[in-house]
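Trainee: Structure incoming, see below.
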Amino acid sequence: MNDENPKSQSPLSSQSLERVQEIQSPDVEQPQDENAPPAKPSPWKLKKPLWPVITLAMLVLAGFTGWKVYQGWQQPSSTETAEISPTQLPVRVTRAQQGLAQAWVFDEGISLPVQLRVLNFYANGDITYVAKNNGVALKEGDFVSRGQLLATIDDRRQTSSMVTSEADIQVALNQRDQSQASVLQAKAELAKAESDLALAQTEYQRYQSLFAQGAVSASSRDVYRNRVDQAQAAFKIAQQTIASAEDNVRVAESSIQSAQARRNQTVVDLEDTQLVSPIDGVIAYINIQEGEYWNSQYLNVSGAQELIETAPIVVVDPSTYEVELELQADDANAVRAGQRAYVVLEEDVSAAQASGVSQQDLLSIAKQRGSEGRVFAISPSQTPGSRGTKIVIRDFQQVRNLKVGARAYVWIETEANSDATVLPLGSVLSRGQDFFAFVVGEDSTVQRRRVTVGVEGLAGTEVLSGVEPGELVVTDGQNRLVDGTPVEIINQEEVQ
């Protein structure tokens, strides 16, 4: 059949023969025809195709992927493993301490000296004089003595009235002296008149006896009778003169008193033009200058701060201060007279407050930089506007940096227990009316214990029952805890 269909069999081309030769093993020697012409170089030897390499790489990648999937089916997930084996939750703990528990009430107040004198002109006019200290006009911080003249306004009218009243007093005194002299003269005349009357009566009685004996005539007797009448008239006139002179003395005394009253009023008017220090102290505020005009309406009496800021001069005793504050009813109910208080100016803690420190840290600053005093007075009434209770702090052991009218922070110690079981803030949790804490046992599990709370302070809370001193109490990480939860203490070294 090969002979019959020679065209049906296609002989291998030279390229096919060369491809077959390429895949044969190089170790097998092929017979060669010596008469055959030399073979031409094949283009397949110059450039090999890439599809076998790509195919092999795809097979390797598919095998690796299948192996990973198989491994995933054979091993459980990490979540399932975590659910199967219990995990210890990380927490921070501290030991319950036995020490001082303090409750504090905090609010803001105003620092004022106990002895504060507001000096004000009660007359209007130009300021003609302001005292000087070492040649320099009076200023805040200067010391002044009691009775020292500090400032005056134009007092010409008051001075003129003073001169007039002094003259009126002198005139009244002269009138009184004259009246008193008239009284003395009238008394002398009265005595003479009384003597003349007695003599006239004696002479008359003698002549009356002689007339009865017929020794003298009736006319001679009548002469002495007339002398008695004249002496009696002179005596009455002398008495009236004395009464008139005494009335003049009383009128003069009244004139003196009236003149003195006018002078006293003039003195008061003159004092209204002067500012005199009533105490030994320090100038706290001075709001006037020499040459300015002063009107009493400039004084603002709407509040304590406004008053001292508008008064001409304010003198204080720097050795005695008090701090006034208002507390709400709940806080004021816990305050008692004599309780300890710490006061510090706002400016002394403003930087620390801006940095976000705690109330306990601010209290520590107050103890270091502030002044320790006592509750001096508690008002029994509430202020109409804010419904607050006024509290006064005095009896400072040492006054530190307190200033007139300055805003101050006040901490009042309302309760204290020196032998208390104290837990740090945040370790006692509440649910409704109940309080509880998580205590770590020796098996590294927590117990949820109900506790009774005592004094709640700035640094910690007093626990009356439920936790004993020395036990480990969770302070951080309670949100995922339940009774019996295993925990890991991450600050183990701190509580050893």
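Just so it is clear, none of the values below were taken in a lab; they were calculated from the coordinates. Everything numeric here is computed off the predicted structure, so don't read it as measured data. Glycine also receives a Cβ, built like all others from the backbone with ideal geometry; neighbour counts cover every protein chain displayed.
Trainee: Work out how much length Gln368 to Ser381 would gain on full extension: take 0.36 nm times their residue separation and subtract the Cα-Cα distance, in nm to one decimal.
Mentor: My answer for the length gained is 1.3 nm.
Trainee: Work out the FRET efficiency for Thr452 and Gln305 from their Cβ-Cβ distance, taking R0 = 56 Å, and round it to the nearest 0.05.
Mentor: 0.80
Trainee: Restricting to DSSP loop positions (anything but H, G, I, E, B) with no more than 16 other Cβ atoms inside 10 Å of their own Cβ, which GluC sites (Glu not before Pro) remain in the stretch 424-486?
Mentor: Those that pass, being in a loop and sparsely packed, are Glu442.
Trainee: Using 15 Å as the cut-off for backbone N distance, which residues of the stretch 126-168 belong to the label zone defined by a point 7 Å from the Cα of Glu271 along Cα→Cβ?
Mentor: 147-150
Trainee: If you average the alpha carbon positions of the stretch 335-372 and of the stretch 283-315, how far apart do those two centres end up, in angstrom?
Mentor: Cα centroid to Cα centroid, the span is 31 Å.
Trainee: Divide the volume of the convex hull of the Cα atoms of the stretch 156-271 by its number of residues and quote the answer in cubic angstrom per residue.
Mentor: So the per-residue hull volume is 65 Å³.
Trainee: How large is the dipole of the stretch 132-225 about the Cα centre if only Lys and Arg carry +1 and Asp and Glu carry -1, each at its Cβ, rounded to the nearest 20 debye?
Mentor: Result for the stretch 132-225 is approximately 120 debye, rounded to the nearest 20.
Trainee: Between Tyr293 and Asp126, what length in nm is gained on full extension when 0.36 nm per residue of separation is reduced by their alpha carbon distance?
Mentor: 59.7 nm
Trainee: Could you put Thr461, Thr164 in order, starting from the residue whose Cβ has the fewest other Cβ atoms within 10 Å?
Mentor: Sorted ascending by nearby Cβ count, the order is Thr164, Thr461.
Trainee: How many nm is it between the label spots at Glu468 and Asn226, if each spot is 7 Å from the Cα in line with the beta carbon?
Mentor: 13.7 nm
Trainee: By how many nm would the segment from Thr87 to Arg400 grow when fully extended, if each residue of separation counts as 0.36 nm and the alpha-carbon distance is taken off?
Mentor: 107.1 nm
Trainee: Between Ala198 and Asp247, what FRET efficiency follows from the Cβ-Cβ distance if R0 is 30 Å, with the result rounded to 0.05?
Mentor: The value I calculate is 0.65.
Trainee: Describe numerically, in nm with one decimal, the distance between label points set 7 Å from Cα along Cα→Cβ at Ala188 and at Gln257.
Mentor: Taking the two extended label points, one gets 3.0 nm.
Trainee: Related question: Among residues other than Thr383 whose Cβ falls under 10 Å from its Cβ, what is the net charge (Lys/Arg +1, Asp/Glu -1)?
Mentor: +1
Trainee: Please name which of Ala311, Ser244, Gln297 has its Cα lying farthest along the dipole of the stretch 203-312 towards the positive end, using unit charges on Cβ (Lys, Arg +1; Asp, Glu -1) and the Cα centre as origin.
Mentor: Of the listed residues, the answer is Ser244.
Trainee: Suppose R0 equals 25 Å; then what is the FRET efficiency for Lys236 and Leu173 from their Cβ-Cβ distance, rounded to the nearest 0.05?
Mentor: It comes to 0.20.
Trainee: Which one of Ala459, Tyr409, Ile490 is farthest out on the positive end of the charge dipole of the stretch 405-496, using unit charges on Cβ (Lys, Arg +1; Asp, Glu -1) and the Cα centre as origin?
Mentor: Tyr409
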